[in-house]
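First up is the structure itself, then whatever we jot down about it.
The values are calculated or read from the model by the stated rules, or taken from the named source; none is laboratory data. Since we're looking at a predicted model, the values are computed, not measured. Note: ideal-geometry Cβ built from the backbone for every residue, glycine included; neighbour counts use all protein chains shown. Note: areas computed on protein heavy atoms with side chains; ligands, DNA, RNA excluded. Shrake-Rupley method; radii C 1.70, N 1.55, O 1.52, S 1.80 Å.
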Amino acid sequence: MENTALVITRYADVVAVLSDARFIVPPLAPADDEPPRSLAWLRRTVSRFSEGNDHERRRALVVEALDAMDPAHLRRRARVLAQDGGDPGEVACLVLGEALGVADPAALARAVPVAASGYLTGQGQDGSDEAVAVLAGLLGPGPDDVVAGRIAVLMQAYAATGALVRAVLRHGRRPEAQGRPVEDVIAETLRFDPPVPAMRRVATEDARLNGRAIAQGTLVTLDLRAANRDPDVFGDPGRFDPGRRERPHLTFGAGRRPCPGTGHALQLTAGVIEAVEHGTEAAR
Ligand code: HEM
């Protein structure tokens, strides 16, 4: 089905593609036999790689689980757990795992990076199937959609939140960031240096975008780094400016299926940054 490739860089075009149901998430390759609770099972069962009714139902389950969490509590716990150092993506997953009722955080911390290594591509490091099975045990029991949805929360959070924290620590050293609230530095880092720099969609029919024809089957890459620096939307886009108040960046997506963990990601990131900068005082 995918026969040509196109990279989209304009802010308005990225929003148009993400809002248009003719552009779908690239379908997974067909598989006749996937072991239960394996990486392939996970990818086939989560909202992230689904479309239509499956996507709606699975996304709603994730949103329900996320809605049950208190963002301010996530921030406090991230600040406490980040005290011991360690990978910020792991801290985010430990906090989310705790909120999801996981009783063995050490097992969770071991399994998450291994399972996450293949979540987006399907090609995980050795042991990724076993790691998914461990996570299913820690986050079950329950129907497949529910258990996979809980694992998905950790998979989506791990690499992206870790990368965001590292970028915020880097950009936070800039003179423009000094004295700014951490929320503003995080927001501008998300625009300027997105931890997830691109998204992909496939055109299911012929379409037009900003006057240009897009043939059915075209694989469309949405370049979020470029769209976040579109001069039609952001003044002096190449300048890191935590004080800017223009339209929102596109790093959490837009349109039909934006990131449902945006608030959680922001609070977890702020908590880890506070731990690095100020320790736990006033956090408990
Ligand atoms: C800096 C951190 C994060 C960034 C930049 C980010 C960004 C994104 C983006 C762009 C998507 C849409 C992908 C697509 O449709 O192709 C997405 C999906 C998703 N994100 Fe996040 N995310 C972050 C953290 C989190 C966290 C902490 C959670 C959970 C607490 C989360 C949960 C999800 C889920 C469940 C989806 C799939 C939604 C669906 O398919 O309908 N994300 N994220």
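Checking the condition more than 18 Å from PRO258 (Cβ to Cβ), open to solvent by 10 Å² or more (accessible area, probe 1.4 Å) and among the acidic types (Asp, Glu), which residue from ASP104, ASP67 passes?
Just one listed residue meets the conditions, ASP104.
Sort out which residues of region 212-258 are touching a strand residue (DSSP E or B) at 6+ places or on another chain (Cβ under 6 Å) and of a type in the set (Ser, Thr, Tyr), and write them in order of number.
Within region 212-258, THR218, THR221 meet the criteria.
Starting from region 209-233, keep only residues that are free of Cβ contacts under 8 Å to residues at least 60 places away in the same chain and among the small types (Gly, Ala, Ser), then list their pairs with residues that are within 16 Å of the ligand (Cβ to nearest atom) and in a loop (DSSP other than H, G, I, E, B) whose Cβ atoms are within a distance under 9 Å, requiring at least 6 positions of separation or different chains.
none
Being within 21 Å of the chain's Cα centre (by Cα) and either more than 28 Å from ARG166 (Cα to Cα) or loosely packed, with under 15 Cβ neighbours inside 10 Å (or both) is the filter here; which residues of region 72-84 pass it?
Of everything in region 72-84, those that are within 21 Å of the chain's Cα centre (by Cα) and either more than 28 Å from ARG166 (Cα to Cα) or loosely packed, with under 15 Cβ neighbours inside 10 Å (or both) turn out to be ALA72, HIS73.
In contact with a Cys (Cβ under 7 Å, 6 or more places away or on another chain) and touching a residue at least 60 places away in the same chain (Cβ under 8 Å) - does that describe any residue in region 147-155? Full working, then the answer.
Keep residues of region 147-155 that are in contact with a Cys (Cβ under 7 Å, 6 or more places away or on another chain), which gives 154.
Pick out the ones that are also touching a residue at least 60 places away in the same chain (Cβ under 8 Å) and you get 154.
So far as region 147-155 goes, yes, one or more of its residues are in contact with a Cys (Cβ under 7 Å, 6 or more places away or on another chain) and touching a residue at least 60 places away in the same chain (Cβ under 8 Å).
Restricting to region 210-266, and then to whatever is closer than 14 Å to VAL17 by Cα and in contact with a Lys or Arg (Cβ under 8 Å, 6 or more places away or on another chain), can you tell me which residue is nearest to the ligand (Cβ to nearest atom)?
Taking the candidates together, the pick is ARG257.
I'd like to verify a number: residues in region 40-59 that are open to solvent by 60 Å² or more (accessible area, probe 1.4 Å) and within 10 Å of the ligand (Cβ to nearest atom), how many?
Within region 40-59, the subset open to solvent by 60 Å² or more (accessible area, probe 1.4 Å) is 44, 48, 53-54, 56-57.
Applying the additional criterion that residues be within 10 Å of the ligand (Cβ to nearest atom) yields 48, 56.
Of the residues in region 40-59, 2 are open to solvent by 60 Å² or more (accessible area, probe 1.4 Å) and within 10 Å of the ligand (Cβ to nearest atom).
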